[in-house]
Amino acid sequence: MIAAGSRVRPVLSARGAWAAHEVEHEVEHGSAGETAGERHRVGPLDLDLTPGEWALVLGPSGCGKSTLLRLLQGAIPHALDADAGGEVWHGSALVGDAPLAAAAAHRGFVAQDPATGICLGQVTEEVAFPLENLAWPRPALADRIGEVLREVGAAHLAARDTATLSGGELQRIAVAAALAPRAPVLLVDEPSAMLDGEGIEHVQAVLAAARAAGVAGVLVEHRLDEWVERGGLDSLPARWIALDSTGQVVLDGLAADFSDAQVARLAALGCWLPGEWEERALAGAQPDNVAVDDATNRRGGAADPPQAIVASTGLTDRASGDYPTTRGEGAARSRQGVLAAGGEHTPPRLVAERLGLEPGGGRGRPGNGGTLASDLSFSVHAGVCVALVGANGTGKSTLLACLAGLAEPASGQVRGPRAGLVFQHPELQFVAHSVLGEMLSGTDTEASRQRARAFLDLFGLAGLAARHPHSLSGGEQRRLSLAAMLQVGREFLLADEPTFGLDRAAAVDVLRTLRGESRAGRGVVFATHDARAVLGYADRVLVLARDEWGTTRLRADCDPREFARDPQLVAAAGMTLPQHLESAARTCRNVDALGRFVRGRDSALRALASYAVDTHATPGPAHPTPGPAHPTGSPA
C-alpha cells in the first residue's frame, strides 16, 4: 500500500527528449547520384508514466509519432541512424545507456507496419522469439505462447505460416509478440490500423487488462471513432499529446478537460477524432480562435485546389462537393466507351469468373495450397467505385492481386484490361531513388513531369520530391504509392487499404481522389475496414465472408445504403458502424443522400485542416508537473 502523500516512481520518464534523423534527397539539378541531407526533428517531450498510466499521441502523417516511440523504446540512438537529446528513463536507468537487446524485458513494442517486424516463418516461432531471447524456460514459454495468442484472438492461427497471413492477422501476431514477455511498459503504434471489428475488440481487451495489471504505455492510434464506439472514451488513455506537422508538442493534457477550441485544434492538425468530438471541433472553430498555419495548410484547402493542378491535369471543381481529381485521356475514353467494330459503345469491364483463391497469394507469392475462397464472380464497370469489405483473413488482398494479374487464381479467370494495384505495403512497389523519380518511372517527358508535380501537390508531397521513398513516413509512402499508380493512368485502379496510416485530412484527400477518378471514367476497387469510406465514397459494396466450412464466398453485392441497413451484412464484413453513420443510414432517403451526408461532414472537417487554432489556447488541468531531478540523475 502506498502511504498518503508519497509519490509513485515512474516506470517511464522523458525529460526534454527529442530525436532528429537525417533524410537523404537527390539534388534535382546536380550530377547523377548527388545527394544532400536534411534533418527532421520531433520533440522535445516531457513525460512521466507510473504503473498503469497511458498516454495517447496524435498528429498528422509524417509528424514523427513513430520516431517518438522509437526514441522511448531505445531504438534511437542504438539501432537507428538518428540524433537524440534530453533523457529517457526506464525506472532509474537511462534508456540510452542500456543495450537495445535488453529492452524486450522492459518495453514491448508494436510497429506501425507489422510486416516489418515479422522475422520467423511460423506464428508460434514469432511469438516465442522475444521469450527465447530472454531465456524463458521451455515449459513456461509454451504456456505463454498459447495464452497470449488466445488473448489477441489468434489461437486459430498458431499453426500457420506467417507468409500466408493477411495484414490484419499479422497485426494480431505482432501485438501478441510484444505482450508475451510481460514487460512493464508497452509502446504501441497504430495497433488497430488493419484490424476488423473483432480484432479491435481483442486488442482493446488485451490493453485494458495490461493497464489493470499495472503496465504503463504510449499509444499511437488513428481509428479513434471505432475505438470509442466499441469501448467508450474510457478505453483510450486519459492523457493526450498532440504534435504538429513539424514534430512540436502543441497540446498536452487530460482529454476530458480539453475545450471545444482545443478539440478544433486537433481537427485542424488532421487528427482522427471520435464522432462526437468532430462535432465539437466544428463548433469550436470560430474566427476569433483560428489563424492560418502554412505548415498545416500544405495540402491545400478542400474547396481551393492548387492552381498548378488545375492547369496541368484539367481538374474541375464539381458542384457535388467532391474533391477535384484527374481526368486523363485513358479515363475519358473509358467513360465514353470504346467504339466497337459493330458500331456500339462497349465500356470496359474487369470480370472475375468463378475465382478460387489460395492462402498467401495476396502478398506477391504463389498460393500455399488449400482453399481460401471459392466461386467469386462479379464484374467492375468503368466509372464505378467499388468498396471491398470483409473480416481479416477473408482474402481481400489476394483477390486484388489476382484482379491485377500479380497472382494466379487457383481456379477461374479474370478478364478485362490490366489493372493497376496500390499495394497494402507501399514500400514493396518503389523502384526509384527519389519521390519524383518514382512518379516518372518508365516515362520522363515535360508533360509527365508537370502531371507528376501536380499529383505530388495534390497529395501534400510537393516538398518531398527529392526525398528517397524509403525515407518517408508510412502515411507519406501510402500517398506516394497512390499518386504513382494514378500517374500510370490504367483504366482500372485497385487500392488495398488506401487510408491505412493516414491522418484524417490525408485520408479524405485519398478517398476524394478515388471517387473522382471513378467519376472521370476509371473503374476503382478499394479494400477497406473504414465505414466512412464505404458509405461516403463507394457506389457498390462487395462483401466477402466465410461460410460454415471456413471458405470465403461473395456474401453480397449491394449499394452502401443497403449494406449499412443490414446488421448481418455489417457484422459479416467484420465492421461496426459508428452511431452517427448508423443513424444516417436509417434516415437518409436514398444512397445518394447518404453519400452526400458523409462527404459533407468530411468536407467540413477537411476545411478545418487548412487552419490551426491559436496555439495560445491551453488545456484544462495538465498532467502533473515533472518533479526535480533526483540527485543521482534518475527521476524522483
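What are the residues whose amide H is under 5 Å from the amide H of Leu56, where those residues sit 5 or more places off or on another chain and H is modelled from the backbone?
It is Leu219, Arg239, Trp240, Ile241, by chain and number.
Please give the net charge around Ala14, taking every other residue with its beta carbon less than 14 angstrom from that of Ala14, where Lys and Arg add +1 and Asp and Glu add -1. Spell out each step's value before the answer.
On the way: positive: Arg15, Arg70, Arg107, Arg239; negative: Asp46, Asp48, Glu53, Glu87, Asp252.
Result for the neighbourhood of Ala14: -1.
For Met439, Met485, write out the residues from largest to smallest accessible area, computed with a 1.4 angstrom probe and no ligands counted.
Working: Met439 5, Met485 35 Å².
These residues rank, largest area first, as Met485, Met439.
Report the relative contact order of the range 146-200, percent, no decimals, based on alpha-carbon pairs under 8 angstrom and at least 6 residues apart. Walk me through the intermediate numbers first.
Values: 36 pairs, mean separation 21.6, N = 55.
That works out to 39 percent.
Which net charge results when you count Lys and Arg as +1 and Asp and Glu as -1 among the other residues whose beta-carbon is under 12 Å from that of Leu480? Could you put the intermediate results ahead of the total?
On the way: positive: Arg467, Arg478, Arg479; negative: Glu427, Glu438, Glu476.
Taking every Cβ under 12 Å from that of Leu480, the sum is 0.
For the range 441-482, just say rounded, prolate or oblate: build the C-alpha gyration tensor, square-root its eigenvalues into a ≥ b ≥ c, call rounded for a/c under 1.5, and beyond that prolate if a/b exceeds b/c, oblate if not. Numbers along the way, then the final one.
Details: a/c = 2.08, a/b = 1.68, b/c = 1.23.
Since a/c reaches 1.5 and a/b is larger than b/c, the shape of the range 441-482 is classed as prolate.
Please label the shape of the range 168-294 as rounded, prolate or oblate, based on the square roots a ≥ b ≥ c of the eigenvalues of the alpha-carbon gyration tensor (a/c under 1.5 means rounded; beyond that, a/b larger than b/c means prolate, else oblate). All intermediate terms of the calculation are to be shown ahead of the outcome.
Working: a/c = 2.13, a/b = 1.94, b/c = 1.10.
Verdict is prolate for the range 168-294.
Could you pull out every residue, at least 5 positions away or on a different chain, whose amide H is within less than 5 Å of the one on Arg182? Hs are placed 1.01 Å off N in the peptide plane, and Pro or chain starts have none.
The list, which skips near neighbours in sequence, is empty: none.
Compute the signed sum of charges (Lys and Arg +1, Asp and Glu -1) over the other residues within less than 11 Å, Cβ to Cβ, of Glu226. It would help to have the intermediate numbers written out before the result.
Working: positive: Arg223, Arg230, Arg532; negative: Asp196, Glu201, Glu221, Asp225, Glu229, Asp530.
Residues near Glu226 contribute -3 overall.
How large is ³J(HN,Hα) for each residue in the range 585-602, as worked out from phi by the Karplus curve 6.51 cos²θ - 1.76 cosθ + 1.60 (θ = phi - 60°), to whole Hz, x for Gly and Pro?
Once θ is set to phi - 60°, the couplings for the range 585-602 become 5, 6, 9, 5, 6, 7, 5, 5, 5, 5, x, 5, 4, 5, 5, x, 5, 4 Hz.
Please list, in order along the range 248-264, the HN-Hα scalar couplings obtained from phi with the Karplus expression 6.51 cos²θ - 1.76 cosθ + 1.60 (θ = phi - 60°), rounded to whole Hz, x for Gly and Pro.
Using θ = phi - 60°, the values come out as 8, 6, 10, 9, 7, x, 7, 4, 4, 9, 5, 7, 4, 5, 6, 5, 4 Hz.
For Asp375, which sequence-distant residues (separation of 5 or more, or a different chain) have an amide H within less than 5 Å of its own amide H, given hydrogens modelled in the peptide plane?
Under 5 Å from the amide H of Asp375: Leu355, Gly356.
In the range 490-568, which GluC sites (Glu not before Pro) are in a loop and have at most 12 other Cβ atoms within 10 Å, using DSSP for the loop call? Intermediate values should be presented prior to the final figure.
Values: sites: Glu491, Glu517, Glu548, Glu562; in loops: Glu491, Glu548.
Those satisfying the criteria are Glu548.
If you plug each phi of the range 65-75 into the Karplus form 6.51 cos²θ - 1.76 cosθ + 1.60 with θ = phi - 60°, what whole-Hz ³J(HN,Hα) values come out, in order, with x for Gly and Pro?
4, 5, 4, 4, 5, 5, 5, 5, 6, x, 4
In nanometres, what is the gap between the two model label sites at Ser379 and Ala213, each 7 Å from Cα along Cα-to-Cβ?
Spacing of the two 7 Å Cα→Cβ label points: 5.5 nm.
If Cys119, Cys558 are ordered by their accessible area, calculated over protein heavy atoms with a 1.4 Å probe, which sequence runs from highest to lowest?
Solvent-accessible surface, decreasing: Cys119, Cys558.
The values are calculated or read from the model by the stated rules, or taken from the named source; none is laboratory data. All figures in this text were calculated on a predicted structure; none of them were measured in a lab. Here the Cβ is made from the backbone with ideal geometry for all residues, glycine too, and neighbour counts use every protein chain on show. Calculation scope for accessible area: heavy atoms of the full protein, side chains included, ligands and nucleic acids excluded. Shrake-Rupley method; radii C 1.70, N 1.55, O 1.52, S 1.80 Å.
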